[in-house]
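Working notes, beginning with the structure itself.
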There are 2 protein chains.
Amino acid sequence: MKIAVCAPAGRIDPIVEPRIKALAAITFPQVEIVFHPQCFLQDGHFAGSDAVRAAAFLEFANDPAFDAIWFARGGYGSNRILHDVMPKLGTAAKHKTYLGYSDIGFMLGALYAARIGRPTHGPVCSEINRKDDQGHCAMRALAWLVNGDKASLEPSLDGKRPVAAFNLSILNALIGTHWLPDLTDHVLMIEEVSEPLYRVDRMLFQMAHATQLKGIAGVRLGRITDVIPNTPEFAETPEQMITRWCGEMGVPYLGPADIAHDAANKVVPFGVI
Amino acid sequence: MKIAVCAPAGRIDPIVEPRIKALAAITFPQVEIVFHPQCFLQDGHFAGSDAVRAAAFLEFANDPAFDAIWFARGGYGSNRILHDVMPKLGTAAKHKTYLGYSDIGFMLGALYAARIGRPTHGPVCSEINRKDDQGHCAMRALAWLVNGDKASLEPSLDGKRPVAAFNLSILNALIGTHWLPDLTDHVLMIEEVSEPLYRVDRMLFQMAHATQLKGIAGVRLGRITDVIPNTPEFAETPEQMITRWCGEMGVPYLGPADIAHDAANKVVPFGVI
């Protein structure tokens, strides 16, 4: 099995490559992991210019030698290459798993909208550097990519209802665009990080009123982490907020989801697993 | 002339009322300004509960004795009352000017979508307390409300092309919902405050790719103020960003707009003036 790594948004520290490779060599010696040199470039906010990031993604996605693309990290910027890369994905791109989350939700959403490959929410390579983890999240990602290990999966997945998972900010930025996939009958999982609660509430308003999301089956709430304090304090809890907005949306709140910007973040393959 | 003041989002300091009334008494003695007591309530993040804020707005909007509603301030929360208040607006609501901006853009957008009254972007009452101004922005707002003073208007308004003006975050939160008005053939003015540039760029992506905005005539960029520093530094200027995204949107960038979260913020009546 061959896994390709590229970075459509932010760059990664070069130390990530030997660490990921060392972990893989011990745990999944049959796997070859190839990092695109583009992962380590820096151009302003991004891992190379838009053109360079787009070219690296297309090179790997269109290469039939690779079975999966594991995104290096999120950050910001994968939205900026969508209109360039999406029309250029060929047959080889359709037979791959694409794994990542956060800003990478732009890629996953657009791929799923076009029904290209298997977009999957889950840990990114750079999380091997997490100080609150000892490689478990990278292991979880690899175990899914290599063996389809069900222990990596978000526990509410039932193999019946289709699902999709997004960082709420990224879901919001997709709403109203044609990059947002049709999520009719899907369970929608959301998570958020580093936002004040009033902004989370504002984002939930947009989700609840989005015409494109009218047909979803329900919502599951991942963890809302590193909440930014704001004055006056927001009086509602995330559970109260999601219950309120699901009510206004007319869909059931189905309970928590085991996804987040944290080390415990589980794998959610889009669609039916 | 009678002007009503209510607060669909955040509360205001009670000192705003005597200050606004003193200013009006000197400059426009023929005007009566009525503050709803709801403006001074506090319920968590908001100037009273959703039900209380909705009731205050409906009471004043549906009262034929008032010629205009001047919103007390922005903050966060006017989106939360839209689904309650919009179906309940009657005939008297259709003959009013509605003046405000920032979070109040939710109200202006929904009113314009329903073609109710004259939604107008401009200073809010609470700005009488600005430390960088001596009542000029409140005067500008009053001069427009009372006399239709053209000196208050954003200078690019030509009386021919329809316009609308939004805080970019609020515009983004409306995209994909039915509260976003049809802006076909409109000049769209945007401004932003207290955001890192990568987020401004992400919001411009959504604007540029929003299906609902495909038919706009062009974009004007107000000021992007109090930019939050972010690492790595965003390499593009706001002008570069807006030029890029207008290009991807396929509409002309028409130049700057004299609107912002600052004391110089001008008045922009939605539609053709």
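Here are a few things to note about the model shown:
- Nearest-first distances (nm) between copies at A:HIS136, label 7 Å from Cα via Cβ: 5.9
- Contour excess over end-to-end distance, with Cα ends at A:THR243 and A:LYS214 and 0.36 nm allotted per residue: 8.8 nm
- Using alpha-carbon coordinates, inclination of helix B:50-61 to the longest axis of chain B, degrees: 70 degrees
- Taking a ≥ b ≥ c as the square roots of the eigenvalues of the Cα gyration tensor, an a/c ratio below 1.5 marks region B:48-173 as rounded.
- Neighbour net charge for B:ASN62 - beta-carbon separation under 12 angstrom, K R +1, D E -1: +1
- Length-normalised contact order for chain B - Cα pairs under 8 Å, 6+ apart - percent: 18 percent
- Extension gain for A:LYS94 to A:GLU59 (0.36 nm times residue separation, less C-alpha to C-alpha distance): 11.2 nm.
- Near A:ILE33, the amide H atoms lying under 5 Å from its own belong to A:ILE3; only residues 5 or more places off or on other chains count, and H is placed 1.01 Å from N.
- In Hz, Karplus ³J(HN,Hα) per residue of region B:35-45 (6.51, -1.76, 1.60; θ = phi - 60°; x = Gly, Pro): 8, 6, x, 4, 4, 9, 6, 9, 9, x, 7
- Placing pseudo-labels 7 Å out from each Cα toward the beta carbon at B:VAL227 and B:LYS160 gives an inter-label distance of 3.3 nm.
- DSSP bridge orientation in chain A - percent antiparallel, rounded to nearest 5: 10 percent
- With K and R counted +1 and D and E -1, the other residues having a Cβ less than 12 Å from that of A:GLY90 yield a net charge of +1.
- Charge tally in the Cβ shell below 9 Å around B:LEU41, where Lys, Arg are +1 and Asp, Glu are -1, B:LEU41 excluded: +1
- In this assembly of identical copies, the label point of B:ASP149 (Cα plus 7 Å along Cα-to-Cβ) is separated from its counterparts by 7.1 nm, sorted shortest first.
- Cα long-axis angle, helix B:136-147 against chain B (0 to 90 degrees, to the nearest 10): 70 degrees
- Considering only B:LEU89, B:LEU180, B:LEU221, the Gaussian network model of chain B with Cα springs below 10 Å gives its largest mean-square fluctuation to B:LEU89.
- Unit charges at the beta carbon, dipole of the protein assembly as shown: most positive-side option, B:PRO238, A:HIS136, A:VAL146: A:VAL146
- Between A:GLY48 and A:GLN42, A:ASP43, the built amide H atoms are under 5 Å apart, and every one of these is 5 or more places off in sequence or on another chain.
- Placing +1 on the Cβ of every Lys and Arg and -1 on the Cβ of every Asp and Glu, with nothing else charged, gives region A:163-269 a dipole about its Cα centre of roughly 200 debye.
- Comparing mean-square fluctuations of A:LEU99, A:LEU171, A:LEU197 from a GNM of chain A with C-alpha springs under 10 Å, the top value falls on A:LEU197.
- A simple charge model with +1 on the Cβ of Lys and Arg, -1 on the Cβ of Asp and Glu and nothing else charged puts the dipole of chain B at about 600 debye relative to its Cα centre.
- Computed [θ] at 222 nm, deg cm²/dmol, chain A (DSSP H ≥ 4; -39,500 (n - 2.57); rounded to nearest 500): -8500 deg cm²/dmol
- Compared with the dominant Cα axis of chain A, that is its longest principal axis, helix A:197-209 is turned about 90°.
- Table column - 3J(HN,Hα) (Hz), region A:220-231, Karplus curve with 6.51, -1.76, 1.60, x for Gly and Pro: 10, 9, x, 7, 9, 10, 6, 4, 7, x, 8, 10
- The lysines within cross-link reach of A:LYS150, meaning a Cα-to-Cα straight distance under 22 Å and a gap of 8 or more places when in the same chain, are A:LYS2, A:LYS96, A:LYS160, A:LYS266.
Only the coordinates and a few stated rules stand behind these numbers; no lab work does. Values in this document were obtained by computation on a predicted structure and should not be read as measured data. Don't worry about glycine lacking a Cβ; one is built from the backbone with ideal geometry, like all the others, and counts go over all protein chains shown.
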